[in-house]
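**Student:** To start, I am sharing the structure in question, which I have written as structure tokens.
The values are calculated or read from the model by the stated rules, or taken from the named source; none is laboratory data. Predicted, not measured: the structure shown is a model, and the values here were computed from it. Using ideal geometry, Cβ is built from the backbone for each residue, glycine included, and neighbour counts are taken over all protein chains shown. Accessible surface is based on the protein model in full, side chains and every heavy atom, while ligands, DNA and RNA are left aside. Shrake-Rupley method; radii C 1.70, N 1.55, O 1.52, S 1.80 Å.
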Amino acid sequence: MIDKERLLSNLLTSSAQHRVEVFDIVDSTNTIAKGLLSQGAGHGTLVVAEAQTHGRGRLGRAWHSPKGGLYFSLVLLPSSEVVSLPLYGLMVACVIREVIHKKSGLECMLKWPNDLLVSNRKVCGILSELVTDDERIKGLVVGAGINVNTLPNMFPEEIRSHATSLRIETGKEHNLEEFLAAIVVALESWLVECPSLSNVVSVYRTHCLTLGKQVVARIHGTELVGIAFDIERDGSLLIRDDAGRTHRVNSGEVTHLRGCD
Ligand code: BTN
């Protein structure tokens, strides 16, 4: 059970006043956070659940969300200095990567754009969604699902060979409230110290497993094969194909061809 009081007490070091909504089970924390944002919820509103019945992943996929994992969504009202909204997803990925490393000692790497891998298996996914009102951006919801205390038999058969959890990797259970509070505090300090997110890409690059790999990018039904060689300031991935042409990819799915993805 995620305990709201324990979560708040772990957030005491935080400067901001967060509205925090904790649920046992919901359809999707992103859906709830988007609803709250539409009703005027403020920057930093946090929605957390112990399990989700209809957790949503990128590209219309489902995100299996049994108890034991950490599922949360954060409402962000973008700073006018930020020119590219995908940078928020990259920033959240960097922050969670760092907290995983600090709390578990595990080496955790980033697969472009927003997957976190431990031992080449997925341990966390991030879904960023825009909320608009009459074509005007009201804000952004960034949701993360982290396999914290998930056991192997809790993963559906079809993802068991490429998913892992912190508990599987370390043999230890982790406290969900402490974990989440550490992420929120780190996110806040990032947003306070560098609200323009201008430093995100350089940090992201140093932990990105995709760079230097041969990849296939699937974009609107077409496939592009090449070497992923850099990430641009707006967070797009640069891929060089066999003919030496450079392609800029800012959405879709990227699979690593050598090694695991
Ligand atoms: C992905 O890798 O495809 C992204 C997965 C994102 C899952 C999280 S769990 C909390 C939040 N609520 C959702 O419905 N999705 C995100």
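**Student:** From the residues in segment 38-61 that are in a helix (DSSP H, G or I) and within 13 Å of the ligand (Cβ to nearest atom), which one is surrounded by the fewest Cβ atoms within 10 Å (Cβ to Cβ)?
**Tutor:** Looking at the filtered set, the residue picked out is 60.
**Student:** Got a number for residues in segment 65-88 being within 15 Å of the ligand (Cβ to nearest atom) and under 22 Å from residue 22 (Cα atoms)?
**Tutor:** 12
**Student:** Oh, and also: How about segment 62-80: which of its residues are of a type in the set (Gly, Ala, Ser), surrounded by fewer than 17 Cβ atoms within 10 Å (Cβ to Cβ) and in contact (Cβ under 8 Å) with a residue 12 or more places away in the chain?
**Tutor:** Within segment 62-80, 79 is the sole residue that qualifies.
**Student:** Here is a further query. Tally the residues that are β-branched (Val, Ile, Thr), within 13 Å of the ligand (Cβ to nearest atom) and buried (at least 17 other Cβ atoms within 10 Å of the Cβ), restricting the search to segment 20-37.
**Tutor:** 4
**Student:** So, in segment 219-246, exactly how many residues are loosely packed, with under 12 Cβ neighbours inside 10 Å and polar (S, T, N, Q)?
**Tutor:** 2
**Student:** Could you name every one of the strands (runs of 3 or more DSSP E) located completely within segment 95-212 that has at least 1 residues being exposed (fewer than 14 other Cβ atoms within 10 Å of the Cβ)?
**Tutor:** 121-133, 136-146
**Student:** State yes or no: is residue 196 under 25 Å from residue 230 (Cβ atoms) and hydroxyl-bearing (Ser, Thr, Tyr)?
**Tutor:** In short, yes.
**Student:** Still on this model: List every residue pair whose Cβ atoms sit under 7 Å apart, with the two residues 6 or more apart in sequence or on different chains, where the first one lies in segment 154-174 and is of a type in the set (Asp, Glu) and the second, anywhere, is open to solvent by 40 Å² or more (accessible area, probe 1.4 Å).
**Tutor:** Sorted first by the residue in segment 154-174, then by its partner, the pairs are 169/119; 173/167.
**Student:** Please determine whether any residue of segment 62-70 is part of a strand (DSSP E or B) and either more than 24 Å from residue 116 (Cα to Cα) or small (Gly, Ala, Ser) (or both).
**Tutor:** There is at least one residue in segment 62-70 that is part of a strand (DSSP E or B) and either more than 24 Å from residue 116 (Cα to Cα) or small (Gly, Ala, Ser) (or both).
**Student:** If you don't mind, another one. Hey, does segment 113-126 have a residue that's of a type in the set (Lys, Arg), at pLDDT 95 or above and away from the ligand (no atom under 16 Å from the Cβ)?
**Tutor:** no
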